Amino acid sequence: MNIKPVPVELVGQALKDFVITYKPIDMLQHIAGDLPKEVLTDVRQRIHDWLVSGGHHTDHYVSQQVAYAQKVYAAMRGGEKG
């Protein structure tokens, strides 16, 4: 099999496109299966409470919750120490 390397510029653009086109909720769905049940339950409950209280999926609070889940995910994968 002859696999050609992908230029770094294209990978960077693909990541930017992923971040721009996906909403925080979509990003959470992407990693949900790999998170500890307690973390996923807590994050989903916080987002649910926020939405029920009149918040929106695009609010900064939702992004903060997803960022927390992403940090847990990265730590589990050895991406963050401490």
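Please treat every number below as a calculation from the coordinates, not as lab data. Just so it is clear, the model here is predicted, and its values are computed rather than measured. Positions of Cβ are backbone-derived with ideal geometry, glycine not excepted, and every protein chain shown enters the neighbour counts.
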Simple spin-label estimate for residue 74 and residue 41 in nanometres, 7 Å along Cα-Cβ: 2.7 nm
Along the principal axes of its C-alpha atoms, what lengths does segment 26-71 span, in descending order and rounded to whole Å? 29, 16, 14
Extended-chain gain in nm, criterion 0.36 nm per residue less alpha-carbon gap, residue 67 and residue 30: 12.1 nm
Got a sec to turn the phi values of segment 39-50 into Karplus ³J(HN,Hα) couplings, 6.51 cos²θ - 1.76 cosθ + 1.60 with θ = phi - 60°, whole Hz, x for Gly and Pro? 5, 4, 4, 5, 5, 4, 5, 4, 5, 4, 4, 5
